[in-house]
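Here is the structure we will look at.
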Protein chains: 2
Amino acid sequence: HKIAAARVVRHATEGASVRIKYCTGCRWMLRSAYFAQEILSTFDDGSVREVTLAPQYASGGEWVVEVGEEVVWDRRRDGGFPQVPELKQRIRDVVAPDQHLGHSDTTTLR
Amino acid sequence: HKIAAARVVRHATEGASVRIKYCTGCRWMLRSAYFAQEILSTFDDGSVREVTLAPQYASGGEWVVEVGEEVVWDRRRDGGFPQVPELKQRIRDVVAPDQHLGHSDTTTLR
């Protein structure tokens, strides 16, 4: 899903910090690492400067994605896990609102 | 490589922060994500509270693993990439020195 917009690589300190908090008891580490790789692949122009995987030991079912201070996905609030394009759109809306995500922007695609 | 020591799950804020800085031009994101998953699997008792993947856009060949402020692996300094057990031992020496890593502690194994 290459980004169609002109690729301007921002300086590493400018990009957003994404954090994936996941319940360890639920064995969601691999799934979270997969989402992290998708995010780092799509936002490879410096708009995302880092993705942090943050295990939550005392949590029963928590799965949250934060971009800076903003919660862009909360499993409980949003009724489960996102499709990858959905999560990318929400991250894009925070880090690079004018950026087109190619296929990921085709809302019908799941 | 389950940890043989008694499993005491530390409170999430106590654990160490691990950061993997990788050269994006060298396409090392997937390799870095793999190491992150190995680290999160082995240090699943709270001794590592987060692992951050930090793409370096302007870097020619940088691959560095930091535990807090300490550089436990530097591709240039250490002559290439680590074997997984090697990296785990260096992280363990910082986050939980008295912790035995099972097979990962058998130095002959590669």
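The values are calculated or read from the model by the stated rules, or taken from the named source; none is laboratory data. Computed from a predicted structure; not experimentally measured. Every residue, glycine as well, gets a Cβ built from its backbone with ideal geometry; the counts of neighbours run over all protein chains shown.
Residues that are touching a strand residue (DSSP E or B) at 6+ places or on another chain (Cβ under 8 Å) and facing another protein chain (nearest Cβ under 7 Å) were ranked within region A:34-45; the one that is surrounded by the fewest Cβ atoms within 10 Å (Cβ to Cβ) is A:D44.
Any residue at all in region B:68-86 that is in contact with a His (Cβ under 9 Å, 6 or more places away or on another chain) and more than 9 Å from chain A (Cβ to nearest Cβ)? Yes, there is a match, as at least one residue in region B:68-86 is in contact with a His (Cβ under 9 Å, 6 or more places away or on another chain) and more than 9 Å from chain A (Cβ to nearest Cβ).
Got a sec? Which strands (runs of 3 or more DSSP E) wholly within region A:23-108 have at least 2 residues that are farther than 18 Å from B:L53 by Cβ?
On the way: elements: A:48-56, A:63-67, A:70-74.
By residue number, A:70-74.
Considered as a group, the residues in region A:54-76 that are more than 11 Å from the chain's Cα centre (by Cα) and of a type in the set (A, V, I, L, M, F, W, C) include one that is surrounded by the most Cβ atoms within 10 Å (Cβ to Cβ), and that residue is A:W63.
Here A:S17 fulfils each of the conditions (1) within 14 Å of chain B (Cβ to nearest Cβ); (2) surrounded by fewer than 19 Cβ atoms within 10 Å (Cβ to Cβ); (3) outside any strand (DSSP E or B) apart from (3).
Take B:T24 and tell me if it is facing chain A (nearest Cβ under 10 Å) and buried (at least 19 other Cβ atoms within 10 Å of the Cβ). The answer is yes for B:T24. Here A:A58 fits the description: at pLDDT below 90 and either more than 10 Å from chain B (Cβ to nearest Cβ) or out of contact with any helix residue (DSSP H, G or I) (no Cβ under 6 Å at 6 or more places or on another chain) (or both).
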